[in-house]
1. If I model a spin label at residue 255 and residue 79 as a point 7 Å from the Cα along the Cα→Cβ vector, what separation in nanometres do I get?
2. Of the heavy-atom accessible surface of segment 75-118 (probe 1.4 angstrom), what whole percent is carbon and sulfur?
3. Expressed as a whole number of Å, what is the distance separating the alpha-carbon centroids of segment 70-145 and segment 182-248?
4. So which aspartates and glutamates pass the test for residue 217, namely a Cα distance under 19 Å, with those fewer than 8 places away in the same chain ruled out?
5. Residue 150 versus residue 234, label points 7 Å from Cα toward the beta carbon: distance in nm?
6. Could you please state how large a percent of the accessible area of segment 154-215 is carbon and sulfur, counting protein chains only and using a 1.4 Å probe?
7. Can you give me the accessible area per residue for segment 88-151, using a 1.4 Å probe, in Å²?
Amino acid sequence: NGSGGGGGGNGSGGGGSGAPKDGSSASSAARRTIPAGLIVERLRAHASDSVYISSFLDAAPLQAMLLDERLRRLLCMRSRVKEVSEASSMCEAVRSLAGAERMSSGGEGMVVFDVCSGKGLGATLLSFLLPRSRVVMLDSNGGMDLSHLRARPNLSFRHVDLFSADTPAVLREEAAGASYVVAVGMHLCGALSPRLIDLAVAGGTIDAMALCPCCLKGAHGKAVARSAAERSVEPYAVLVETLQAICEREIEAAAAGGGARSRVGVWTDREMLSPKNRYITVQKWAADKAAPDVALCQACA
């Protein structure tokens with residue numbers, strides 16, 4: 001979606017590192033924030049819509065964000081309720097992949113990539129959830145006001161075209177020294193979902209992936225639409241099946257080449273305030289290790 005704090009994006013653009021803008025070039029209207037009390041009031045009106053909204057209202061990250069104008073801007077978009085539910089869902093997906101031991105350490109040694117992050121509401125909440133990890137936003141839009149990054153010491157941004165041949169090297173550079181690397185993509189559009197799958201499965205940098213897709217375009221999208229019509233099912237269900245099959249083919253090819261063992265999971269997060277609420281996950285582990293446990297949150301079980 002990429003409209004406020006969430007992901008999506010179009011994946012095209014430049015590469016390399018991106019220092020956060022301080023917002024000095026933004027107009028005063030663009031940088032104006034909504035009073036903290038009004039943000040809380042508007043969120044509270046939807047507290048019964050999702051456990052994510054009710055939990056967020058009582059959580060420490062909201063209080064910290066309301067007190068810091070740079071962070072509060074992430075909650076000033078009209079779609080804040082939907083965006084908060086999506087960002088909270090991202091956190092739960094990463095929590096399930098990280099496991100209890102890493103969570104108890106605050107994510108020490110972890111790197112989390114928020115792929116096609118937009119301004120990064122999800123990444124910001126991840127930086128609170130995993131304060132001892134490094135959370136890296138990846139997006140093709142290098143012109144966003146990212147002054148809120150200065151408020152979160154474990155949060156950074158890389159200006160990246162996901163389709164660039166340089167992207168695997170960027171991932172390796174950002175993940176250097178990490179003991180566990182997770183990539184999460186929220187509502188990726190078109191070819192971005194298969195590209196993330198390729199980077200996660202075929203590359204050697206990412207240990208786990210959580211992908212919540214939005215749509216497929218081009219030939220893949222037409223095939224999904226035809227199959228959905230023939231079977232009289234929702235196109236989104238066929239989209240998830242298609243991407244799951246891509247994951248399984250990539251895993252089989254990687255295993256044949258001597259790569260790490262991997263498994264695919266699919267689940268629905270019913271508390272996300274979007275009809276596009278299914279995750280495809282991939283977890284890798286060494287051939288001489290037991291498969292890791294996955295503890296699904298109650299909303300995703």
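1. 3.7 nm
2. Working: 630 of 1310 Å².
Here carbon and sulfur together make up 48 percent of the probe-accessible area.
3. Cα centroid of segment 182-248 versus Cα centroid of segment 70-145: 21 Å apart.
4. 161, 198, 230, 234, 241
5. 4.3 nm
6. Numbers: 940 of 1810 Å².
The C+S portion of the solvent-accessible surface of segment 154-215 is 52 percent.
7. On the way: 1790 Å² over 64 residues.
Per residue, segment 88-151 has 28 Å² of solvent-accessible surface.
The values are calculated or read from the model by the stated rules, or taken from the named source; none is laboratory data. Predicted model only: the values in this text are computed from it and were never measured. For neighbour counting, all protein chains shown are included, and Cβ atoms are generated from backbone atoms with ideal geometry for every residue, glycine included. Ligands, DNA and RNA are excluded from the accessible area calculation, which covers all protein heavy atoms including side chains. Shrake-Rupley method; radii C 1.70, N 1.55, O 1.52, S 1.80 Å.
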